[in-house]
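A.B. asks: One structure, as structure tokens, below. Some questions next.
The values are calculated or read from the model by the stated rules, or taken from the named source; none is laboratory data. Bear in mind that the values here come from a model prediction, so they are computed numbers and not experimental data. Here the Cβ positions follow ideal geometry from the backbone for every residue, glycine too, while neighbour counts run over all protein chains shown.
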Amino acid sequence: MDITVQKYGGSSLATDEQVLAVARQVARAHGTGAVIVVVSARGDATDRLVAAASSISAAPDLAEVDKLLATGENAAAALLTIALRSVGVPAVSMTGPQAGLHATGRPGSGVVDRVDVTPVRDWLVRDHVVVVAGFQAAGPDGAIITLGRGGSDTSAIALAIAHGARCEIYTDVDGIRQADPRVIPAPPLLPSLDAHTMAEMAYSGARVMHSRAVELAAAHGIDFTVRHSSGRGDGTTITGDLEARVGVTAITHVSDVAQLVVRAGGSFLEIAADVLDVLAESAIPVDSVTWRDGLSCCIPESSAVDALAALPGAWLRRSVATVSLVGAGLLSRPGLTALALRAFLDTGIDAECVSCTQVRTTFLVDRATLPDAVAALYKQFGLDGDLSALATA
Ligand SMILES: Nc1ncnc2c1ncn2[C@@H]1O[C@H](COP(=O)(O)OP(=O)(O)O)[C@@H](O)[C@H]1O
Ligand SMILES: N[C@@H](CC(=O)OP(=O)(O)O)C(=O)O
């Protein structure tokens, strides 16, 4: 069976006109083969549900929060199904569990481990479009569990792998660009990208894709495209087998980072092992661990309250942000980091280099200087087409 999975993000379903436009596009695809559609919650619905839970309770039960958040995707799936039927397309909506998605892990960070294809197949063979609520699966106890912010991409990739389908991610940008188009005006589009670079970009702030979705696709060797929800342009094809380009491919950033600092007696290893253990127990992701008069590490600002509760005596250096070079062979050309530091110096931006691997170099900057920091690196690495600074690296 020739099947296409199309995923539409919340930004592409925010208004009723957008929902109807998506329905018309799905109708065209249904004319040429079987279609599974994965949807996210409309607009900022998930943020509003998170805020509602927090305003009722300072420490809401996480399993109940998952049930609450899942309603955003359920509503979007039902509404798109209503729109599809209104344009004459047979369609049915399903929650993640109904669509056969199963996950392990804790509430808020489920990891898909199994997909039962039967429930969706039963409708596809009856010529129906199946609209699946993304971002959710049946957890270990059978209750609904969410897959982490941005997790609808992972629902789409997991369904595509299980059904042997092609996968198209539709969003509010026309593909992956060399920097966030909301920060740099019209950065060039990357027509193709290897999955490892895309995963690093996702992890270091290019929220256009969920990093786990990219890793899942790479692990199963499936290609997918990221395209504008209007269907215009060819977008970016992410492949598992393209050779990574040597050098800097893109600049990414995360604006809401907190730097956690822990001072305690003991060696780096003793303190780091304890601190990372405690943070892992609270499912707090940690990056850029450094040691200078104590241990410091970067965590999402949204986890700051939990981290301080779990680590009495720790303190936060707030209002920081990270900006990263993403590419390949970055350590093989150590001059690249020096070049980045020179760009900061020349533009009066205070930055420290906090982690450096072959594929990503991350700098910590003051949040107020983030747009300038992104622009400085974007220019320095010739992503604007001027390669003169790079010639010396
Ligand atoms: N390198 C990049 N290329 C394209 N978009 C990017 C990049 N980095 C960040 N983005 C941002 O990702 C956004 C799309 O992600 P998101 O808002 O989560 O979409 P969706 O609702 O479709 O999932 C874009 O609007 C853009 O601002
Ligand atoms: N609605 C969820 C899941 C998701 O994937 O959203 P989007 O595809 O709009 O990034 C979130 O906001 O995290």
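A.B. asks: Of everything in the range 141-199, what is on the phi < 0 side of the Ramachandran plot, surrounded by fewer than 21 Cβ atoms within 10 Å (Cβ to Cβ), in a loop (DSSP other than H, G, I, E, B) and of a type in the set (Gly, Ala, Ser)? Give them in sequence order.
C.D. replies: Hit for the range 141-199 is ALA143, nothing else.
A.B. asks: Confirm whether ALA213 is farther than 23 Å from ALA23 by Cβ and within 12 Å of ligand 2 (Cβ to nearest atom).
C.D. replies: yes
A.B. asks: Which is small (Gly, Ala, Ser), in a loop (DSSP other than H, G, I, E, B) and within 16 Å of ligand 1 (Cβ to nearest atom), of GLY43, GLY72, GLY88? Steps first, please.
C.D. replies: Working: GLY72 fails: in a loop (DSSP other than H, G, I, E, B); GLY88 fails: within 16 Å of ligand 1 (Cβ to nearest atom).
Just a single option satisfies the conditions, and that option is GLY43.
A.B. asks: So which residues in the range 13-29 are away from ligand 2 (no atom under 16 Å from the Cβ) and either surrounded by 20 or more Cβ atoms within 10 Å (Cβ to Cβ) or farther than 21 Å from TRP123 by Cα (or both), if there are any at all? Don't jump to the end; show me each part of the working.
C.D. replies: First, pick out the residues of the range 13-29 that are away from ligand 2 (no atom under 16 Å from the Cβ): 16-17, 20-21, 23-29.
Matches in the range 13-29: ASP16, GLU17, LEU20, ALA21, ALA23, VAL26.
A.B. asks: Is the range 256-272 home to any residue that is farther than 18 Å from THR154 by Cα, within 18 Å of the chain's Cα centre (by Cα) and away from ligand 2 (no atom under 16 Å from the Cβ)?
C.D. replies: Taking the range 256-272 first, the residues farther than 18 Å from THR154 by Cα are 256-272.
Then drop every residue that is not within 18 Å of the chain's Cα centre (by Cα), which leaves 256-257.
If we keep only those that are away from ligand 2 (no atom under 16 Å from the Cβ) as well, we get 257.
Yes, there is a match, as at least one residue in the range 256-272 is farther than 18 Å from THR154 by Cα, within 18 Å of the chain's Cα centre (by Cα) and away from ligand 2 (no atom under 16 Å from the Cβ).
A.B. asks: Give the residues of the range 1-14 that are more than 22 Å from the chain's Cα centre (by Cα) and either free of Cβ contacts under 8 Å to residues at least 12 places away in the same chain or part of a strand (DSSP E or B) (or both), sorted by residue number.
C.D. replies: Step one: of the range 1-14, the residues more than 22 Å from the chain's Cα centre (by Cα) are 1-3.
Of everything in the range 1-14, just one residue is more than 22 Å from the chain's Cα centre (by Cα) and either free of Cβ contacts under 8 Å to residues at least 12 places away in the same chain or part of a strand (DSSP E or B) (or both), namely ILE3.
A.B. asks: Additional query: Being modelled with pLDDT under 95 and either surrounded by 17 or more Cβ atoms within 10 Å (Cβ to Cβ) or part of a loop (DSSP other than H, G, I, E, B) (or both) is the filter here; which residues of the range 113-140 pass it?
C.D. replies: If the condition is that a residue be modelled with pLDDT under 95 and either surrounded by 17 or more Cβ atoms within 10 Å (Cβ to Cβ) or part of a loop (DSSP other than H, G, I, E, B) (or both), then PRO140 is the only one that fits.
A.B. asks: Another question about this same structure. If I filter the range 49-85 down to residues being of a type in the set (Gly, Ala, Ser) and farther than 19 Å from ALA133 by Cα, which single residue comes out as surrounded by the fewest Cβ atoms within 10 Å (Cβ to Cβ)? If you could, list the steps in order and put the result at the bottom.
C.D. replies: Filtering the range 49-85 down to residues of a type in the set (Gly, Ala, Ser) leaves 51-55, 57-59, 63, 70, 72, 75-78, 83.
Those still in the list that are farther than 19 Å from ALA133 by Cα too: 51-55, 57-59.
Numbers: ALA51: 11, ALA52: 12, ALA53: 16, SER54: 12, SER55: 9, SER57: 10, ALA58: 7, ALA59: 10.
Top of the filtered list is ALA58.
A.B. asks: In addition: Could you grab me the full set of residues in the range 9-18 that are more than 7 Å from ligand 1 (Cβ to nearest atom) and either hydroxyl-bearing (Ser, Thr, Tyr) or closer than 15 Å to SER155 by Cβ (or both)? Show your work before the answer.
C.D. replies: Of the residues in the range 9-18, the ones more than 7 Å from ligand 1 (Cβ to nearest atom) are 13-18.
Answer for the range 9-18, where residues must be more than 7 Å from ligand 1 (Cβ to nearest atom) and either hydroxyl-bearing (Ser, Thr, Tyr) or closer than 15 Å to SER155 by Cβ (or both): LEU13, THR15.
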